[in-house]
1. At 1.4 Å probe size, with every protein chain present, just tell me what the per residue accessible area of the chain comes to in Å².
2. Tell me the label-point distance for the pair E81, D104, using the 7 Å Cα-to-Cβ offset, in nm and rounded to one decimal.
3. For helix 33-44, report the angle its Cα long axis makes with the longest principal axis of the Cα atoms of the chain; keep it between 0 and 90° and round to the nearest 10°.
4. Accessible area of segment 78-170 with a 1.4 Å probe: how many percent of it is carbon plus sulfur?
5. How high is the relative contact order of the chain, in percent, with contacts defined as C-alpha pairs under 8 Å that are six or more residues apart?
6. Compute the helix-to-body angle for 73-82: its Cα long axis versus the longest principal axis of the chain, expressed 0 to 90° and rounded to tens.
7. How far, in nm, would the chain grow between T93 and I170 when pulled straight, counting 0.36 nm per residue and subtracting the alpha carbon separation?
8. Find, among the trypsin sites (Lys or Arg not before Pro) in segment 132-170, those assigned to loop by DSSP (not H, G, I, E, B) with at most 16 other beta-carbon atoms within 10 angstrom.
Amino acid sequence: MKTIILSIAVLLSFTVHAQVNKVSLQASGLTCSMCSNSINKSLKTLDFVDKVEANIKNSSFDISFKAGSDIDFDKLKKKVEDAGFSVASFVATIHFDNVTVVNDNHVTVGNRVYHFLNIKNQQLNGDKAIRLLDKGFVSPKEYKKNSSLTKMECYKTGVEAGKRIFHVTI
């Protein structure tokens with residue numbers, strides 16, 4: 001009974017507010033500091049990006065944002081691709097305020113819809129790191145492996161009812 005009530009609450013997809021504090025992404029295909037610099041410059045052209053810190057040793061970038069900005073995960077990924085590379089890992093640190101998440105279900109948080117996969121049902125409070133699992137945000141091998149975590153078509157398309165769905169895990 002408790003599971004049914006919880007599922008209904010999630011399916012109604014109530015909107016709650018959340019703030020993206022930072023993103024840490026790892027790029028693949030980098031061979032030198034010039035490659036890293038290319039991605040760094042590309043990311044800084046986005047109007048919502050405040051600061052980019054590159055770590056050449058592990059090909060990662062920590063990105064912070066301007067206050068009050070609407071963060072677009074797809075634009076961040078596209079800037080890495082425009083620089084000639086791909087995203088191997090994408091982790092967003094988001095501040096949640098009493099958000100109930102249920103495995104293999106959607107929840108609307110702010111202006112985004114997240115589809116949580118491979119998690120325990122739980123209440124999210126405070127800053128939480130969530131990892132995007134969508135195509136282009138992980139390696140092709142990992143994307144294929146993660147497809148077994150859901151039967152919903154939105155995992156393949158990234159869209160449901162005309163709305164962008166981000167597939168994530170904690």
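The values are calculated or read from the model by the stated rules, or taken from the named source; none is laboratory data. It should be emphasised that the depicted structure is a prediction, and the values quoted were computed from it without experimental measurement. All Cβ positions, even for glycine, are placed from backbone atoms using ideal geometry, and neighbour counts span all protein chains on display. Protein only, heavy atoms only, side chains kept; ligands, DNA and RNA dropped before computing areas. Shrake-Rupley method; radii C 1.70, N 1.55, O 1.52, S 1.80 Å.
1. 54
2. 2.8
3. 50
4. After summing per-atom areas, the C and S share lands at 50 percent.
5. Values: 323 pairs, mean separation 40.7, N = 170.
Reported relative contact order: 24 percent.
6. On a 0 to 90 degree scale, this one is about 30.
7. Details: separation 77, 0.36 × 77 = 27.72 nm, distance 1.02 nm.
Difference between extended and current length: 26.7 nm.
8. On the way: sites: K135, K141, K144, K145, K151, K156, K163, R164; in loops: K151.
Hits after loop and neighbour filter: K151.
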